[in-house]
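Chemist: Pasting in a structure now, in structure tokens, and then I'll have a few things to ask.
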Amino acid sequence: MRAILSLGSNIHPRREYIERALDMLSTLPETRLVAKSDLEETEPQDVPAEFAHMKFLNMVAVFDTGLEVHEFSRAMHDIEDRLGRVRLVRNGPRTIDIDLIDFGGMRLQEKELTLPHPRAHLRTFVLSPLSRLGITLPMPIG
């Protein structure tokens, strides 16, 4: 299955957190990196005012995986946790943020997981690198 991910960090060392996340994702069973965009520095979106000065590094990565979607999603969150992601403030600073944007065109709407990602089509930091990779997204559910 083809998994499209968005990765971002706004806590230094931003580049290292993203590179470590890519390496960790690549070591998941039956999973390999097939494409990735360049890193881009972007302005934060939808963050509390006190964090508005903390710019992000963002990128998109494409993986082929034999994992089931929920297993892959759990593994992504485990990697975030292992890299020190703390969720004290909604949209607060983060060592690493990994979002599952699309999983083989699957449409899913559950409490824990919605595919395609419901806000990806609104985020330039997702759409711009996807465009440079020649990828278009399906429209969100609803």
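The values are calculated or read from the model by the stated rules, or taken from the named source; none is laboratory data. Computed from a prediction, not measured in an experiment: that's the story for all the values here. When we count neighbours, we look across all protein chains shown, and the Cβ atoms used for this are built from the backbone with ideal geometry, even at glycine.
Chemist: Could you say which residue among Asp46, Asp64 is out of contact with any helix residue (DSSP H, G or I) (no Cβ under 9 Å at 6 or more places or on another chain) and closer than 15 Å to Val126 by Cβ? Give the derivation first.
Modeler: On the way: Asp64 fails: closer than 15 Å to Val126 by Cβ.
Result: Asp46 is the single residue among Asp46, Asp64 that is out of contact with any helix residue (DSSP H, G or I) (no Cβ under 9 Å at 6 or more places or on another chain) and closer than 15 Å to Val126 by Cβ.
Here is a yes/no grid of residues against (1) in contact (Cβ under 8 Å) with a residue 60 or more places away in the chain; (2) within 13 Å of the chain's Cα centre (by Cα):
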{"residue": "Val69", "(1), (2)": "yes, no"}
{"residue": "Asp99", "(1), (2)": "yes, yes"}
{"residue": "Gly104", "(1), (2)": "yes, no"}
{"residue": "His121", "(1), (2)": "no, no"}
{"residue": "Ser128", "(1), (2)": "yes, no"}
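Chemist: OK, next. Could you please find all residues in segment 13-53 being within 19 Å of Ala3 (Cβ to Cβ) and of a type in the set (D, E, K, R)?
Modeler: Glu19, Arg20, Asp23, Glu30, Arg32, Lys36 - these are the residues of segment 13-53 that are within 19 Å of Ala3 (Cβ to Cβ) and of a type in the set (D, E, K, R).
Chemist: Filter segment 46-81 for residues that are touching a Ser or Thr at 6+ places or on another chain (Cβ under 8 Å), surrounded by fewer than 19 Cβ atoms within 10 Å (Cβ to Cβ) and either of a type in the set (D, E, K, R) or within 22 Å of Pro93 (Cα to Cα) (or both) and give the result.
Modeler: Lys55, Asp64
Chemist: For segment 86-97, give me each residue that is surrounded by 14 or more Cβ atoms within 10 Å (Cβ to Cβ) and more than 13 Å from the chain's Cα centre (by Cα).
Modeler: Residues of segment 86-97 that are surrounded by 14 or more Cβ atoms within 10 Å (Cβ to Cβ), as a first pass: 92-97.
Gly92, Pro93 - these are the residues of segment 86-97 that are surrounded by 14 or more Cβ atoms within 10 Å (Cβ to Cβ) and more than 13 Å from the chain's Cα centre (by Cα).
Chemist: For segment 61-112, enumerate the residues that are farther than 25 Å from Glu40 by Cβ and of a type in the set (Lys, Arg).
Modeler: Arg74, Arg107, Lys111
Chemist: Out of segment 104-142, which residues are surrounded by fewer than 12 Cβ atoms within 10 Å (Cβ to Cβ), touching a helix residue (DSSP H, G or I) at 6+ places or on another chain (Cβ under 9 Å) and over 17 Å from Glu71 (Cα atoms)?
Modeler: Answer for segment 104-142, where residues must be surrounded by fewer than 12 Cβ atoms within 10 Å (Cβ to Cβ), touching a helix residue (DSSP H, G or I) at 6+ places or on another chain (Cβ under 9 Å) and over 17 Å from Glu71 (Cα atoms): Thr136, Met139.
Chemist: Within segment 68-85, can one find any residue that is modelled with pLDDT under 95 and in a loop (DSSP other than H, G, I, E, B)? Can you show your working first?
Modeler: Step one: of segment 68-85, the residues modelled with pLDDT under 95 are none.
No, segment 68-85 contains no residue that is modelled with pLDDT under 95 and in a loop (DSSP other than H, G, I, E, B).
Chemist: So which residues in segment 1-27 are closer than 17 Å to Leu83 by Cα, in a loop (DSSP other than H, G, I, E, B) and touching a strand residue (DSSP E or B) at 6+ places or on another chain (Cβ under 7 Å), if there are any at all? I'd like the intermediate steps shown before the answer.
Modeler: So in segment 1-27, the residues closer than 17 Å to Leu83 by Cα come out as 5-27.
Those left that are additionally in a loop (DSSP other than H, G, I, E, B): 10-13, 27.
Hit for segment 1-27 is Asn10, nothing else.
Chemist: Go through (1) in a loop (DSSP other than H, G, I, E, B); (2) at pLDDT below 95 one by one and return the number of the condition Met54 breaks.
Modeler: Evaluating Met54 over (1) in a loop (DSSP other than H, G, I, E, B); (2) at pLDDT below 95 leaves (2) as the failure.
Chemist: Is at least one residue of segment 16-33 among the acidic types (Asp, Glu) and touching a residue at least 24 places away in the same chain (Cβ under 8 Å)?
Modeler: Going residue by residue through segment 16-33, those that are among the acidic types (Asp, Glu) are 16, 19, 23, 30.
Filter once more, keeping what is touching a residue at least 24 places away in the same chain (Cβ under 8 Å): 30.
There is at least one residue in segment 16-33 that is among the acidic types (Asp, Glu) and touching a residue at least 24 places away in the same chain (Cβ under 8 Å).
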